[in-house]
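Throughout, read-outs are computed from the coordinates displayed, never taken from laboratory work. Everything numeric here is computed off the predicted structure, so don't read it as measured data. Please note: Cβ atoms are built from the backbone with ideal geometry, for glycine as well, and neighbour counts cover all protein chains shown.
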Amino acid sequence: MGIFPDEVILQILARLPVKSLFKTKTVCKLWYRLVSDKYFVKLYNEVSTKNPMVLIEAWVPFESKSSLICVDYSRVVSEVSLDFLKDRVKVRASCNGLLCCSSIPHKGVYYVCNPMTRVSKWLPRSRERPVTRFYPDGEATLVGLACDISRNKFNVVLAGYHRTFGHRPDGTFICLIFDLHSNRWRKFVSHLDDQFKNMNKNQVVFVNGALHWLTGSCSYILALDLDYDVWRKIPLPDEVSYGTGNRVYLLDSSGCLSLIQISDAWMKIWVMEDYEKEVWHMVDGVSLQCIRGLAPGIFPIARTGECIFLATQRQVLVYHQRGRVWKEMYSVKNSSNLPVWFLAHAFQSTIFPSD
């Protein structure tokens with residue numbers, strides 16, 4: 001009497017933050033067994049996709065340290081520490097609860113970590129070391145992280161223009177792909193083409209088994225298929241216009257490729273309904289009149305269901321499509337007149353990798 005069925009307990013536990021969840025393992029043997037089960041891990045990660053977060057790296061000019069903050073849909077703000085890496089790092093990519101970080105003092109050193117579980121993996125050095133041979137600054141032009149929760153695996157992609165030490169780029173675009181299951185890097189080379197010259201390295205989306213980048217001219221999307229090591233060109237919607245105040249961004253929308261165009265007055269949203277046939281559908285057009293003072297500097301971070309998360313230099317906003325309502329999720333409280341700059345990533349609390 002008074003005891004919930006196991007399935008009810010699982011549904012309740014699946015909605016806890018990771019830190020609280022781990023503490024429940026000490027309550028009793030039943031809860032320890034339930035939380036450790038593979039079925040629960042799958043359930044927890046599925047629930048997590050419906051509760052997105054925004055991971056913010058904020059810093060004030062002329063200060064040497066930055067802070068990493070996680071903001072969830074309920075406006076709960078928590079500080080995230082990467083001190084368990086025992087290194088000074090910067091976040092290069094985020095995907096399904098994992099972060100890819102590069103060492104600041106040690107060029108070419110990369111980690112993949114789950115900041116919620118504090119589990120990390122140091123990536124072995126590739127054969128491109130001791131110098132990375134990526135042009136122009138020893139760092140990869142593109143860094144991509146692909147975390148496939150359903151297959152319990154991840155890949156890291158480092159890509160850029162190749163050069164031998166002391167020489168100019170030799171006309172090739174090189175990709176190094178780290179595979180978790182083999183614990184090795186593999187390499188393939190593409191001939192240098194105009195399509196690789198101006199890729200937007202700050203925008204990368206993992207859907208349909210591929211990493212997607214916008215080209216700098218926003219004329220099309222370049223997708224890297226991680227199963228076959230093949231680049232693919234994907235056209236943008238015909239109605240998309242770039243330049244003259246228009247900005248274009250890629251997002252993951254519940255497993256579908258989504259594109260957002262922002263001007264000073266409007267935000268237009270497309271979703272790719274058929275990935276193989278490359279069919280886009282415009283789902284919304286949003287007037288930015290009520291936030292016109294913020295519109296010139298705003299950029300989208302994540303989209304899920306009926307919500308779009310966006311950031312400015314000092315704020316994180318959420319737009320509810322169904323009610324057409326804007327709300328502030330987070331704002332930096334700083335007495336300084338200097339702007340606080342954001343690097344913002346879509347994030348979710350997962351328990352991947354699981355032991």
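The order of the peptides 149-160, 292-303, 7-18 by mean Cβ neighbours within 10 Å, most packed first, is 149-160, 292-303, 7-18. Per-residue Karplus couplings for segment 20-26, computed as 6.51 cos²θ - 1.76 cosθ + 1.60 with θ equal to phi - 60°, are listed in order as 5, 4, 5, 5, 5, 4, 8 Hz, Gly and Pro entered as x. Couplings for segment 315-329, taken from phi via the Karplus curve 6.51 cos²θ - 1.76 cosθ + 1.60 with θ = phi - 60°, read 9, 10, 10, 10, 10, 8, 5, 5, x, 6, 10, 9, 9, 8, 8 Hz in order; Gly and Pro are left as x. Debye calculation, C-alpha points only, no solvent: report log10 I(q)/I(0) for segment 274-320 at q = 0.17, 0.22, 0.33 Å⁻¹, in the same order as the q values. Debye output, listed in q order: -0.60, -0.86, -1.30. Think of each Lys and Arg Cβ as +1 and each Asp and Glu Cβ as -1; about the Cα centre, that makes the dipole of segment 204-326 roughly 640 debye. The amide H of residue 172, built 1.01 Å from its N in the peptide plane, has 162, 192 as neighbours under 5 Å, considering only residues 5 or more places off or on other chains. Around the amide H of residue 221, modelled in the peptide plane, lie the amide H atoms of 234, 236, all under 5 Å away and 5 or more residues distant in sequence or on another chain. Remark: for residue pairs 29/121; 50/153; 153/333, the C-alpha separation exceeds 31 Å in 153/333. The smallest convex shape that holds all Cα atoms of segment 202-352, its convex hull, gives 141 Å³ per residue. The residues 281, 212, when put in order of fewest to most other Cβ atoms within 10 Å, stand as 281, 212.
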